[in-house]
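The values are calculated or read from the model by the stated rules, or taken from the named source; none is laboratory data. Note that the structure is a prediction, hence the values are computed from the model and not measured. With ideal geometry, Cβ positions are generated from the backbone for all residues, glycine too; neighbour counts draw on all protein chains shown. Heavy atoms of the whole protein, side chains included, go into the accessibility calculation; ligands, DNA and RNA do not. Shrake-Rupley method; radii C 1.70, N 1.55, O 1.52, S 1.80 Å.
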Amino acid sequence: MSDPKQFIELEDRHGAHNYHPLPVVLSHGEGATVTDTNGREYLDLLSAYSAMNFGHRHPRLIEAAKRQLDRLTLTSRAFHNDQLGPFCEELARLAGMDAVLPMNTGAEAVETGIKTARKWGYQKKNVAADQARIIAFEGNFHGRTTTIISFSTDEVARAEFGPYTPGFDLVPYGDLAAVAAAITPDTVGVLVEPIQGEAGVLIPPDGWLAGLRQLCDENNVLLIADEIQSGLGRTGYTFACEQEGVQPDIYLLGKALGGGVIPLSAMVANRDVMDVYAPGQHGSTFGGNPLACAVGREVVAMLAEGTWQQRAQELGKHLHSALSTLDKSKVTQLRVRGLWAGVELSSNAPSAREVCERMARAGVLCKETHETTVRIAPPLVITEEQLDHAVAVLAEAME
Ligand SMILES: *Cc1c(COP(=O)(O)O)cnc(C)c1O
């Protein structure tokens, strides 16, 4: 046991102030619960922004990591290792595609998708040098690199980091006509979150993803699905795109791919797209390392069983009906897909930050997104009873 204040003060004094965490200092985690330095337990309703879909320290994932820790952890890509090939084959099969390019963080997967689409445009679509354009969406979140924040519409994430990378066209999320109007002969990709997570779990209109697929087909444009937050079980499907029967040209994966144990991201595509690369043109020292691949293989094996997706669907229904009992005068909109919800608070309710602070004091950890949305994304191992308790705590925090 130790006083959480000392850790918060140290972080405040010596860490960069680029986050605004709730005043909780965690030291242990198991399943859907985490424990602070005083031994107090909390329910985790955030799952590290869906990096923790399988819960804290899932035995299969910890076991896979330990097995690999005792054998080999890093080789660089200067040599082969015996985990990378099987990981690529197994992940490609899960995605119904041919080929995988492993990286570490989500932002790197997105960068890889952008670079791939551009190279594909020059090689396969004869776009003139440096003219390739990619369509992205207002309210997007794709990570924090200078190129990615160049097409962010969040001024907090973007301001004072210029000069910005050109070559992106922004259109309203969910607006098919706007995408059609933005496509030019130089358009090489449409980069989309099937559900916008950071924007507050925004679900596009039915048929929109299928419409994007069709527009991309008609115009020889790559459909790039950023499923870093929406993918790998969260929505009740392996990929949120499946809900509309859509197969993109490129999947960008991250977060839960590393099982909450190690950073692991990947771009998945078919050979014709992946083969724009030749040796030396892209890479990463840690990308494809055997430790991450061993954990990733276990994640893929777990998802291949289908039970996680089913659990997300069933628990999602339960969560949806529980959230539907919240005071209607305090909630303007409820958006739920699988075990993932955005609760939009009205001006009658406290701010989302205040609600999350109150919930934390009551032992339930949530994180606001923007001023008015409480995002709920529990580990898929959570129980119905725990969900009911969490919603009761939320209801009280909204008083
Ligand atoms: C979290 C996230 C990213 C960035 O991932 P990092 O690992 O933080 O770089 C990209 N896209 C989406 C949709 C995300 O949710």
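Observations
- Our analysis of segment 63-205 gives Rg over Rh at 1.03, with the two radii drawn from alpha carbon positions and Rh computed by the Kirkwood formula.
- Too-long pairs where the Cα-Cα distance tops 22 Å, listed order kept, from LYS115/LYS255; LYS255/LYS367; LYS255/LYS330; LYS5/LYS367: LYS255/LYS330
- Mean-position separation - Cα centroids, segment 138-207 and segment 285-314, in angstrom: 27 Å
- Heavy-atom accessible area with a 1.4 Å probe sorts ASP70, ASP272, ASP327, ASP169, largest first, into ASP70, ASP272, ASP327, ASP169.
- Computed over segment 29-126, the alpha-carbon pair-distance distribution with 5 angstrom bins reads 2, 9, 11, 16, 19, 16, 10, 8, 5, 2, 1, 0, 0, each value a whole percent.
- Counted charge near SER230, where neighbours are those whose Cβ lies closer than 13 Å (Asp, Glu -1; Lys, Arg +1): -1
- GNM top mover of ALA312, ALA48, ALA128 - the chain, alpha-carbon springs below 10 Å: ALA128
- Neighbourhood net charge (14 Å Cβ-Cβ; Lys/Arg +1, Asp/Glu -1) for THR187: -1
- Across the chain, the fraction of Cα-Cα pairs farther apart than 31 Å, rounded to a whole number, is 38%.
- Cα gyration tensor category, rounded, prolate or oblate, for segment 278-399 with a/c compared to 1.5: prolate
- Rolling a 1.4 Å probe over the protein heavy atoms of the chain, with every protein chain left in place, gives an accessible area that is 52 percent carbon and sulfur.
- Solvent-accessible surface (1.4 Å probe) assigned to ASP130 amounts to roughly 130 Å².
- Spin-label zone in segment 189-218 - amide nitrogen under 16 Å from a point set 7 Å from the Cα of PHE161 along the C-beta vector: 198-199
- Per-residue ellipticity at 222 nm, computed for the chain from helices alone with -39500 (n - 2.57) per DSSP H run of at least four residues, works out to -11000 deg cm²/dmol.
- Short-range pairs are left out: with C-alpha atoms under 8 Å and at least six residues apart, the relative contact order of segment 72-304 is 31 percent.
- Among ALA225, ALA78, ALA181, residue whose mean-square fluctuation peaks in a GNM of the chain (springs only between Cα atoms under 10 Å): ALA78
- With the convex hull drawn around the C-alpha atoms of segment 72-304, the volume per residue stands at 121 Å³.
- Taking a straight Cα-Cα cut-off under 15 Å and skipping sequence neighbours fewer than 8 places away in the same chain, the aspartates and glutamates within cross-link reach of LYS317 are GLU384, GLU385, ASP388.
- Inter-label distance, GLU9 to ARG77: 4.6 nm, where each label sits 7 Å from its Cα along the C-beta direction.
- If R0 equals 51 Å, the separation of the Cβ atoms of GLU30 and ALA129 corresponds to a calculated FRET efficiency of about 0.40.
- Accessible surface for the chain, divided over its residues, is 44 Å² per residue with a 1.4 Å probe.
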